[in-house]
Amino acid sequence: MIKKILLLLIVAVLGVLIYFSATSKIVKDFKDGKNINVLFVLDDVDNNENIKFFVVKYNSLSEYIKVLFTDENITILYKTKKARVLKDMILETSPEKRIDFIKSETQKLLDDKLSIDYYVCLNNESFKNIINVFSKQQDLGNNLKLFDMCLQPEIDRDTRMVAWIKIFNYIYNNFNRFSFIKLIKDLYNKNIVINTNFEAKDLFLLYSYFLNEDKTIKYADIPTVNKRKRIELDEESRTKIVDFFDNDYSNSGNYLKVEVLNTTNKSRLAIKAVDKIRDNDFDVMDWGSSSKKYEFTTIFDFVNDYEKIKEIKDILDCGEIIFRPKENSLMNVSVLLGQDCTIYDKLDRESED
């Protein structure tokens, strides 16, 4: 107990001293309200299948934190040489040059309109330990199960994205002074090993900002199309992802055209969800069943109208929203009902009452 109190005091004193004497670039960006884009890379040298990366945008003046997913299996097209799958090129790049390569290729995917200044790279074991740091005892098993799903390439990519979202949301919602102290302790004991260009004092800055704020995390996925039996960037939708990441505006006021698809074996689940959504003044244009099965309810936003679409999530009491721009779509929103959708059981209980 005494050791914990001393550690808490040391962390607090160091944090105050470092914060007020900090002069790093990220400190200035935080204070000036500039966009801070961080590349997060999960690179496990023991398992090449598990290289994953995301871009996270933070702005101290914004009410949102934004996370952009990238498909590592996307094919990069070149004018003067053969097209290559991004993941293959990453794995052919030496470990010491991978971060710069991933950063460069991600920026190119976004038409070089997004600058990535910072990076954080760690392996599977270190990320597992981070999950352990932030998890309550009763939630640890489920969080580790979610992480295991994220690493299985045979699982549908949309399901893996939602698993990542649930982990990220959980960690953010459980960021407090006690989890921060545990994180510092694990970093000191090298239970968590991170390769980053953040300075040590930046950790205390992050702590001071995150502790007392309540931002919403919005998620997006780089739009792709299937062409010539490969995954390619959807050029027409790329600018919308850049706008989403660079700006806080939302296309509110859209007349939303919604589709609802049942991806489970629960009979009439889509119909029951449609009735509930329509009762709240949304126009459901199409519904039915999907041959593609989802573990988790997923709501794809095609038009960047997060606030309005969140109303649908609240109606269903489940689902994760992902902005994935889609040109020339007849629908604005696609609701894919997964195994976690309990509206079926709730409505049955209501009818019995």
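Values quoted throughout were computed directly from the atomic coordinates according to the rules given, and no laboratory measurement underlies them. Since the model is a prediction, treat every value here as computed from it, not as a measurement. Glycine gets a Cβ as well: all are built from the backbone with ideal geometry, and neighbour counts include every protein chain shown.
Laid out as a table, the results:
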{"item": "Global geometry of the range 219-290, whether rounded, prolate or oblate, following the gyration tensor of its Cα atoms and the 1.5 cut on a/c", "result": "oblate"}
{"item": "Estimated dipole of the chain in Debye, rounded to 20 [Cβ of Lys and Arg +1, of Asp and Glu -1, Cα centre]", "result": "1020 debye"}
{"item": "Vicinal HN-Hα couplings computed from phi for the range 304-309 (Karplus, 6.51 cos²θ - 1.76 cosθ + 1.60; Hz; Gly/Pro x)", "result": "6, 10, 4, 4, 5, 6"}
{"item": "Where trypsin sites (Lys or Arg not before Pro) fall in DSSP loop in the range 162-210, at most 16 other Cβ within 10 Å", "result": "Lys190"}
{"item": "For Gly319, residues with placed amide H under 5 Å, excluding near neighbours", "result": "Thr297"}
{"item": "The chain - mean residue ellipticity at 222 nm from DSSP helices (-39,500 (n - 2.57) per run, n ≥ 4, rounded to 500)", "result": "-14000 deg cm²/dmol"}
{"item": "Under DSSP loop assignment and at most 12 Cβ neighbours within 10 Å, longest GluC sites (Glu not before Pro)-free interval of the chain", "result": "214-326"}
{"item": "Which label in (i) 22.0; (ii) 22.9; (iii) 21.1 gives the computed Kirkwood radius over Cα pairs in Å", "result": "(i)"}
{"item": "Sequence ranges 276-285, 74-83, ranked by mean other-Cβ count within 10 angstrom, highest first", "result": "276-285, 74-83"}
{"item": "Sparse-neighbour loop sites [chymotrypsin sites (Phe, Trp or Tyr not before Pro); the range 193-250; at most 14 other C-beta within 10 Å; DSSP]", "result": "Tyr249"}
{"item": "Sparse-neighbourhood loop sites, trypsin sites (Lys or Arg not before Pro) in the range 96-164 - DSSP loop, at most 11 other Cβ within 10 angstrom", "result": "Lys136"}
{"item": "Prolate/oblate/rounded label for the range 124-183 (Cα gyration tensor, a/c 1.5)", "result": "prolate"}
{"item": "The chain: antiparallel DSSP beta bridges as a percent of all, rounded to 5", "result": "45 percent"}
{"item": "Distance between the range 147-222 and the range 249-328 - C-alpha centres, whole angstrom", "result": "27 Å"}
